[in-house]
Amino acid sequence: MNVAQLIAAGVAADEAGAIAARWNSVYDGIREELTARVKTARTLGGDATRLAEIRRELGQLDRCTHRACTQSPPGFSAHAALRLVQESLRYLPLDLQGNVHRLAARLADWARIEQDRAERERRARRG
C-alpha cells in the first residue's frame, strides 16, 4: 500500500501518509504470523479457514483490491481495514501487537472521518 493508492482511493493526503506508513511497518509481520498459524493449524488437522480469509483480505487491502474498496464509488474502506486488523490482533504475538494497535487507532480515526462525511452528505441530499 502506498500513499498514491490511498489518495486515489479517496483518503486525504495528510492522512494517507500516516496510514500507509503504519500499514507498511506492520503488514509483513502480520502476514508472516498468520501464514505460520495457518500452516500450524493445517498440520495439526485444525480448521484454518478464517485465518486464511483474514490473510487473503489483508493482502487485498495491501494491494487496494479489497472488495469493500472497489465498490462504487471506489475508495479505501477504513472500516474494512479496521475490522480485519482488529480481528488479526487475536493471533499476533505481543511484540507485534503494539504497532498493530497504533495502526488500528489510525484507521479508527479515518473511519470516523468517513462516517462523518457520509452523514453530512446524507443530510445535504435530504434537504
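The values are calculated or read from the model by the stated rules, or taken from the named source; none is laboratory data. Since this is a predicted model, take the numbers as computed values, not measurements. Counting neighbours? That spans all protein chains shown, and the Cβs are built from the backbone with ideal geometry, glycine included. Heavy atoms of the whole protein, side chains included, go into the accessibility calculation; ligands, DNA and RNA do not. Shrake-Rupley method; radii C 1.70, N 1.55, O 1.52, S 1.80 Å.
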(message) With every protein chain left in place and a probe of 1.4 Å, what is the accessible surface of Asp14, to the nearest 10 Å²?
(response) 130 Å²
(message) Can you give me the accessible area per residue for the chain, using a 1.4 Å probe, in Å²?
(response) 57 Å²
(message) How much length would be gained if the chain were fully extended between Arg112 and Ala4, taking 0.36 nm per residue of separation minus their Cα-Cα distance, in nm to one decimal?
(response) 36.7 nm
(request) Select from Gly127, Ala20, Ser88 the residue farthest towards the positive end of the dipole of the chain; place +1 on Cβ of Lys and Arg, -1 on Cβ of Asp and Glu, and compute about the Cα centre. (result) Gly127
(request) With only Lys, Arg, Asp and Glu charged, each at its Cβ (+1 for the first two, -1 for the last two), find how big the charge dipole of the chain is about the Cα centre; round to the nearest 20 debye. (result) 400 debye
(request) Using DSSP to define loop residues, name the trypsin sites (Lys or Arg not before Pro) in the stretch 1-64 whose beta-carbon has at most 12 other beta-carbon atoms within 10 Å. (result) Arg63
(message) I'd like the accessible area for Thr40: 1.4 Å probe, protein heavy atoms, all chains in place, Å² to the nearest 10.
(response) 80 Å²
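Would you calculate, for the chain, the mean residue ellipticity at 222 nm contributed by helices, counting each DSSP H stretch of 4 or more residues as -39,500 (n - 2.57) and dividing by all residues, to the nearest 500?
On the way: 5 runs with 95 residues, N = 127.
Using -39500 (n - 2.57) per qualifying helix, the result is -25500 deg cm²/dmol.
Expressed as a whole percentage, what fraction of the accessible surface of the chain belongs to carbon and sulfur atoms when a 1.4 Å probe is rolled over the protein heavy atoms? List each step's numbers first, then the result.
Numbers: 3560 of 7260 Å².
Here carbon and sulfur together make up 49 percent of the probe-accessible area.
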(message) Let me spell out the model: positive unit charges on the Cβ of Lys and Arg, negative unit charges on the Cβ of Asp and Glu, origin at the Cα centre of the stretch 7-66. What dipole size does that give, in debye rounded to 20?
(response) 320 debye
